[in-house]
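The values are calculated or read from the model by the stated rules, or taken from the named source; none is laboratory data. Quantities reported herein were computed from a predicted structural model and do not represent experimental measurements. Don't worry about glycine lacking a Cβ; one is built from the backbone with ideal geometry, like all the others, and counts go over all protein chains shown.
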Amino acid sequence: MKRFFLLLLVMPLAAVAEPSGSGPAPYIDTAEAVLALSLEEAYEQRPISLRGVVTAVPQTWEGRFFMQDDTAGVFVDNVSGRTPEPGDLVHVLGVSQPGGYAPIVSNPQWVVVGQAPLPPARPVTIEELMSGTMDSQRIEVKGVVRDAFKDDYSAILYLVAGAYRFEAHVPAGTIDGVEDYIGKEVLVRGSAGTTFNSQTRQLISIQVSVPHGRDVEVVRGLPGDPYLSPVIPLGNVANYHHGQDPRRRIHVRGRVVHHQPGKDIFLQDGSGGLQVRSRAGPDVQPGDMVEAVGFLDFENHLPVMNDAQYRKLPGEPRLPEAKRVDLESFTAGWHHADYVTLEGVLLDRSMVPSGTGSEGEEQFQLVWIVQTPEFLFTAEGPITDRATELDSIRLGSRVEFSGVSLLRIRTASWNDVGTMESLRLLVPGPEHVRILEMASWLTPDRLRLILLATSILCFLALFWSLTVVRKNSVLRRLVREKDAAQQELQKAHDELDQRVAERTEQLKVEMQERKESEVRFKATLAERTRLAQELHDTVEQSLTGISLHLDAASQQLKQGGAKSLRPLDVARNLMSRSQLELRRSIWDLHSRELEEFDLPGALKVSAGEILEGTPARLDFSVEGRPSPLSEITEENLLRIGREALTNVVRHACASRVQLRLEYDSRGVVLRVVDDGLGFDPENCLGSSDGHFGLSGMGERSRRIGGALQVISAPGEGTRIELQVPMQPPGEEENAKREGQVQ
C-alpha cells in the first residue's frame, strides 16, 4: 500500500518532466551519466530521473542539495522553497544544465520516498580533493584546523593539508566549541563542493559540506594553552627549533608598528619584525604591546604568522624608533617586516586602489617611487586629509620615509636564494614622511612643459610666418591678375566702343533701308488698290454685262430649239469662271488700308464673295477678343484663308464650310473646315504638277512664324489649321524685309 502511494506521487512528476515531441526522450538515470555529459550536451536540457540519498544540504544555499546514488554524487539546483534533509531517499526528475563548474540537475521536481543511511565516504588525498574531480561526491579527508568560527548558520573550519587550504562547513546546531578544534588534526566527511569563476568555469577553491558535527572526527590533538608555550623572538621564528610540530602554534610578543584591521598587524621587538595575519582581534594602535599565537608559514621564502590570535598586553603605548639600516643589508635579504627608515629621491607618485571598505566603498592609497643609490623601492600609504599635502612634493625632492619593509626574495638559482628582488615600504601615515630637500622649481616635468610650450610657440610662429608668406604670395598673384584683367577690360572697352560705332552706323543704314522699304511697300499697296479699283470699274463691269446678255440670249434661244443652247451655256459658264477669277485677282490686289475692315471682317467678306453662287454654306465665327496684328501677319492670314476657301470651291464640292478665328494671349488660330470630298495629303498634286495652293500656304505660314496643319482623308473632308504666335515688337519690320506681299 505504501509503495502504491509513492507511485502516485512520482507519476505526476514524470508527466511534468517528460519532454515535448513525437515521443519521450530516454531519461538519464544515473548520477555518473549526468557528470559524464559534455558542456554542449548539458546545455540541451536532457531529461533526468534519479533515485538516491541526500548527502548534504548547505544551510545558506536556499534548498539546493547534494544527492548520491550507487554510481556517483551530483548537485541538485533546487529552488522550490522546500528543503530535504540529509538521509532522505528522494526521487528527482529534472533536466541537465552545465552548472558553473560541473554538470548539474536543474528545474527539479522531487519527492521523498523513504530514508536511507548516508553512503560511505570515499577516502581521498588532498591532491585529489583540490583537483576538483571529487565535485559533488561524498568524501573523507584529513587536515589540521588552522582557524574556526561560527555564525548563525554554520561552523566554518579552515583546514590545511600539505600545501593546500580548504574549508569545511558544519551545521551550527550540530557542533560546539569550534575554537577547540584549532591546532588539531581532524577527519571530515562530507560532499565536496567548489568555488569557481563563473565566466571562465575555472576552479578557485574547495568547500566540504559536512552534514553533521559527528562527521568531524579528531584524529590527533596537542594539549595545552599555546599562550603558555615559550615566547620566540620575532627575528628567530624561522630558525631551527628542535621538536617543533607544524600543528603547534608558535608564541610571540612585540610592539605594534603598523595595523591593517581585519587583515594583519606588524610586530617589532629587538630581534626584528614579523607580519601577523589574523581574521579578527582586539583593536590596537601603533606602540601597543601584544602577544600572538599562530601558525608559521612561508610566503615568497619569507616567514609569516597565519591564522593568528592576539591579545593586548597592559602598558603604555610606545612606538619603537625606526631602524636606520644600510642598504647592503636589504640586498642580502635582511629586515623583512622590520620598522625602518629609508630616504631617496622621489621619482613619481600615483593613487591606486587598495580594496573595499567595511561599507563596500572602494579605497585608495598613495604610492611613491623612490630612487636610492643602489635600488628603487615603493612607499605605500593610506590617503588621509594630510596625505593630500604630500601631493605638493616636487618630483626630484629628497624624501625620508618610515614604515614596515616588505621584501621580495629572488629565486633564480639555488645559490641566489635569499637576495632581495624588490622592496615595498608600508607607511602608516603622512606623519611618517619627511622632506629632506625640496627639488628645484624647474623639475623635469616642468622643463618638459616649458620645452613643449616653447616648441608649440616656435611652431605657431613658423606657421604664422608661412601663412603670411603665403598670403603675400596670394596677394601678389591677385594684383597681377587684377592688372591683367584691367588691361583686358580696357582692351574690351576700346573694342566695344569701336563695335558700338560700327553698329550705330549699320543701324542708321538699316533704318534708312527700312524706311525706304516701307515707302515701297505702301506704294505697292496703293498701286494694287488702284489696279483693283480699275479692274472692278472696267473689266468686271464689262464681263458682268456680257454675262447678262448671254443669259437673255439663252432664254430666247430656249424657245427656238435645244441644239442652239449648248454653245451658249458653255460661253456662259466660261464667263462665270472668268468673273470669279477676276474677282479673286481684284481681292488679291485690293488694299485693306483703303477698306475699313479688320482681319475678321475682311475674312468674312472675302469668304462670302468666294462662296457666292456655290452650294456651300458658310459658318463664320470669332472666339476671343481680336488683337491687332502686324500688317504682314494679317495680310498673309487673309491670303491663306482665301486660298483655303478657293480650294474648297474648286475641289471639295462641299455643302458646308466652317471658318473660325480664335484669339488668346499666345496668338491667333485660323481654322477652315469643310465636309467635302477630302484627299490624301501624302499623295496630292504639288508645285511640280503646276498646283501651288498648299505649298503657297505653307510658305506664307513660315514667313509669319506660324505652324500650318492640313488634316484630310478621302471622303472625310478637309481641316486646315494655322497657329500664329503674337510677334514681339520690332519683328514686323523684319517680316516686311524678308518677303513682300505678292
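For segment 113-224, which fully contained strands (runs of 3 or more DSSP E) count at least 1 residues that are under 56 Å from the mean Cα position of the chain (by Cα)?
It comes to 138-150, 154-161, 164-171, 185-197, 202-209.
Hey, does segment 298-305 have a residue that's surrounded by 17 or more Cβ atoms within 10 Å (Cβ to Cβ) and modelled with pLDDT under 90? Break it down into steps so the answer makes sense when it comes.
Start the filter on segment 298-305 by keeping residues that are surrounded by 17 or more Cβ atoms within 10 Å (Cβ to Cβ), which leaves 302-305.
Subsequent filtering for residues that are modelled with pLDDT under 90 retains 302.
Yes.
Residues in segment 430-440: is at least one assigned to a loop (DSSP other than H, G, I, E, B) and in contact with a His (Cβ under 7 Å, 6 or more places away or on another chain)?
no
Can you tell me which residue among Ala238, Ala161, Ala192 is at pLDDT 90 or above, touching a strand residue (DSSP E or B) at 6+ places or on another chain (Cβ under 8 Å) and under 27 Å from Val304 (Cα atoms)? Working first, answer last.
Details: Ala238 fails: at pLDDT 90 or above; Ala192 fails: under 27 Å from Val304 (Cα atoms).
None of the others qualify; the one that does is Ala161.
Anything in segment 270-283 that is surrounded by fewer than 20 Cβ atoms within 10 Å (Cβ to Cβ) and not hydroxyl-bearing (Ser, Thr, Tyr)? List them, or say none.
The answer is Gly270, Arg277, Arg279, Ala280, Gly281, Pro282, Asp283.
Quick check on this structure: which one of Arg349, Arg318 is of a type in the set (Lys, Arg) and not assigned by TED's automatic domain parsing to the domain that holds Glu362?
Arg318
From the list Gly641, Gly705, exactly one residue is within 25 Å of Gly601 (Cβ to Cβ) and crowded, with 20+ Cβ neighbours inside 10 Å. Which is it?
Unique residue meeting the criteria: Gly641.
For segment 337-348: of the residues being modelled with pLDDT of 90 or more and not hydrophobic (A, V, I, L, M, F, W, C), which is surrounded by the most Cβ atoms within 10 Å (Cβ to Cβ)?
Applying the filter and picking the extreme gives Tyr339.
Between residues in segment 176-192 that are crowded, with 18+ Cβ neighbours inside 10 Å and residues that are among the aromatic types (Phe, Trp, Tyr), which pairs lie under 8 Å by C-beta distance while being six or more apart or on different chains?
Val178/Phe149; Ser191/Phe66
Between a first residue in segment 645-674 that is among the basic types (Lys, Arg) and a second residue that is assigned to a loop (DSSP other than H, G, I, E, B), which pairs have beta carbons less than 7 Å apart while being 6 or more apart in sequence or on different chains?
If the second residue must be assigned to a loop (DSSP other than H, G, I, E, B), the pairs left are Arg656/Ala616; Arg656/Asp675; Arg666/Met726.
Report yes if some residue within segment 639-658 is more than 26 Å from Leu677 (Cβ to Cβ) and either in contact with a helix residue (DSSP H, G or I) (Cβ under 7 Å, 6 or more places away or on another chain) or assigned to a strand (DSSP E or B) (or both); otherwise report no. Spell out the reasoning first.
From segment 639-658, those more than 26 Å from Leu677 (Cβ to Cβ) are none; that's our starting set.
No, segment 639-658 has no match at all.
Just to check your reading of the model, which residue among Ile139, Ile204, Ile126, Ile182 is within 24 Å of Val54 (Cβ to Cβ) and β-branched (Val, Ile, Thr)?
Ile139 is the lone residue from the list that is within 24 Å of Val54 (Cβ to Cβ) and β-branched (Val, Ile, Thr).
Among the residues of segment 76-106, write down those that are of a type in the set (Ser, Thr, Tyr) and in contact with a Leu (Cβ under 9 Å, 6 or more places away or on another chain). Before the answer, list the steps.
Just the residues of segment 76-106 that are of a type in the set (Ser, Thr, Tyr), to begin with: 80, 83, 96, 101, 106.
Answer for segment 76-106, where residues must be of a type in the set (Ser, Thr, Tyr) and in contact with a Leu (Cβ under 9 Å, 6 or more places away or on another chain): Ser96, Tyr101.
Of all the residues that make up segment 367-380, how many are surrounded by 14 or more Cβ atoms within 10 Å (Cβ to Cβ) and modelled with pLDDT under 85?
Here the count works out to 1.
Just to be sure I understand the filter: pairs with C-beta atoms under 6 Å, separated by 6 or more residues or on different chains, first member in segment 624-638 and in contact (Cβ under 8 Å) with a residue 12 or more places away in the chain and under 19 Å from Glu721 (Cα atoms), second member surrounded by 14 or more Cβ atoms within 10 Å (Cβ to Cβ) and among the aliphatic types (A, V, I, L, M). Which pairs pass?
As it stands, the answer is Ile632/Ala735; Thr633/Ile704; Glu634/Leu599; Glu635/Val741; Asn636/Ile704; Leu637/Leu670; Leu638/Ala602, since those pairs meet every condition given.
Sort out which residues of segment 44-58 are over 11 Å from Val105 (Cα atoms) and surrounded by fewer than 20 Cβ atoms within 10 Å (Cβ to Cβ), and write them in order of number. Walk me through how you get there before you give the answer.
Start the filter on segment 44-58 by keeping residues that are over 11 Å from Val105 (Cα atoms), which leaves 44, 51-58.
Of everything in segment 44-58, those that are over 11 Å from Val105 (Cα atoms) and surrounded by fewer than 20 Cβ atoms within 10 Å (Cβ to Cβ) turn out to be Glu44, Arg51.
Which residue is surrounded by the fewest Cβ atoms within 10 Å (Cβ to Cβ), if the candidates are limited to segment 235-269 and must be acidic (Asp, Glu) and within 15 Å of Ser405 (Cα to Cα)?
Out of the qualifying residues, it is Asp269.
Please pick out the residue among Pro223, Pro171 that is at pLDDT 90 or above, out of contact with any strand residue (DSSP E or B) (no Cβ under 6 Å at 6 or more places or on another chain) and more than 30 Å from Asp338 (Cα to Cα).
Exactly one of Pro223, Pro171 is at pLDDT 90 or above, out of contact with any strand residue (DSSP E or B) (no Cβ under 6 Å at 6 or more places or on another chain) and more than 30 Å from Asp338 (Cα to Cα), namely Pro171.
Return yes or no: is Leu708 in a strand (DSSP E or B) and at pLDDT 80 or above?
Spelling it out, Leu708 is indeed in a strand (DSSP E or B) and at pLDDT 80 or above.
Go through segment 493-551 and count every residue that is outside any helix (DSSP H, G or I) and modelled with pLDDT of 85 or more.
0
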